[in-house]
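In what follows, a single structure is set out as structure tokens and then discussed.
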Amino acid sequence: MKLIEREKLSHPYQVLVSSASFLVAADDPYGAPIPILRDDRTQDAYGGYSFDFESGNGIVRQESGKESDGQAKEGGWRYTSPEGVPVEIVFVADQGGYQPQGAVIPVAPPLPYQRSGN
């Protein structure tokens, strides 16, 4: 990298901007584009839908839903964490709320007391 004398700069941030764009280009966290291997989608006239998606880096996502006295959905996703741990989450979302399940979801410890009904 060639240093430029301050008097020759047209703008005081010129070197900073040039250096920043070089660092971003050198450390591009996105790399090459990731191919989409599967992207299937359906939708009907009654509020039902489904989609199934898979990318070249191992991310998988699927979901389906329908009108059932409100929207009812189920689905999940799978990927590998930055630490190399496989992650898989499945869920149901309906009148009972959003209910995810998966080994990586923390579980609250049991309460240290029993609740009594009044």
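The values are calculated or read from the model by the stated rules, or taken from the named source; none is laboratory data. A quick note: this is a predicted structure, and the numbers were derived from the prediction, not measured. Here Cβ is always computed from backbone atoms with ideal geometry, including for glycine, and neighbour counts include all displayed protein chains. Heads up: the accessible areas ignore ligands, DNA and RNA and are worked out on the full protein's heavy atoms, side chains in. Shrake-Rupley method; radii C 1.70, N 1.55, O 1.52, S 1.80 Å.
Points worth noting:
Conditions (1) in a loop (DSSP other than H, G, I, E, B); (2) among the charged types (D, E, K, R); (3) open to solvent by 70 Å² or more (accessible area, probe 1.4 Å), marked per residue:
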position: W77; (1), (2), (3): no, no, yes
position: G84; (1), (2), (3): yes, no, no
position: A108; (1), (2), (3): yes, no, yes
position: P112; (1), (2), (3): yes, no, yes
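- Considering (1) surrounded by fewer than 12 Cβ atoms within 10 Å (Cβ to Cβ); (2) in a loop (DSSP other than H, G, I, E, B), the lone condition that Y98 does not fulfil carries the number (2).
- Of residues in the range 23-54 being of a type in the set (V, I, T) and in contact with a Gly (Cβ under 9 Å, 6 or more places away or on another chain), the one modelled with the lowest pLDDT: I34
- Within the range 30-51, the set of residues being open to solvent by less than 100 Å² (accessible area, probe 1.4 Å) and not in a loop (DSSP other than H, G, I, E, B) comprises I36, R38, D39, D40, T42, Y49, S50, F51.
- Check on G65, surrounded by 10 or more Cβ atoms within 10 Å (Cβ to Cβ) and assigned to a strand (DSSP E or B): yes
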